[in-house]
Structure formats: structure tokens, C-alpha cells
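The values are calculated or read from the model by the stated rules, or taken from the named source; none is laboratory data. A quick note: this is a predicted structure, and the numbers were derived from the prediction, not measured. Reconstructed Cβ throughout: ideal geometry from the backbone, glycine too, with neighbour counts over all protein chains shown. When the accessible area is computed, the model is the full protein with side chains, heavy atoms only, and any ligands, DNA or RNA have been set aside. Shrake-Rupley method; radii C 1.70, N 1.55, O 1.52, S 1.80 Å.
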Amino acid sequence: MLDFSKLGDMAKLANEAKQMQEKQERCQQEQIELLRRISKQLQELLDLLKENK
């Protein structure tokens, strides 16, 4: 049975879990953006090397 006296604690935990998930998602998006930038720079480097052959 649900203990309503713990409802506040459960809501607090749920909120903290949501905040942690949002932080993780932001970090993942930053990592994806960095990987895209690295990939673009590597592609530019490859293109330059192909031009100089």
C-alpha cells in the first residue's frame, strides 16, 4: 500500500532524478557537438591531404 506520508520525499527524489537526467543529456549533447567538430576538422584535413597528392 502507498504510504502518503512519504509522498513529499518521493516527489523530491523524482525531481532530483529528473535534474540529474537533464544534466546528463546536456553533457551528452556537448559531447556530440565536440565529436561533430572533430569529425569536421578531420574531414577538412583529409581533403587537404588529397589535394596535395
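Gain on full extension, evaluated as 0.36 nm per residue between Lys40 and Glu16 minus their Cα-Cα distance, stands at 5.0 nm.
The residue list Ser5, Leu46, Gln24 was ranked by how far each Cα lies along the charge dipole of the chain toward its positive end, using unit charges on Cβ atoms, and Leu46 comes out on top. Computed from Cα positions, the angle between helix 7-51 and the longest principal axis of the chain comes to roughly 0 degrees. In summary, the convex hull built on the alpha carbon positions of the chain has an orientation-averaged projected area of 4.7 nm². With all protein chains in place and a 1.4 Å probe, the accessible surface of the chain carries 57 percent carbon and sulfur.
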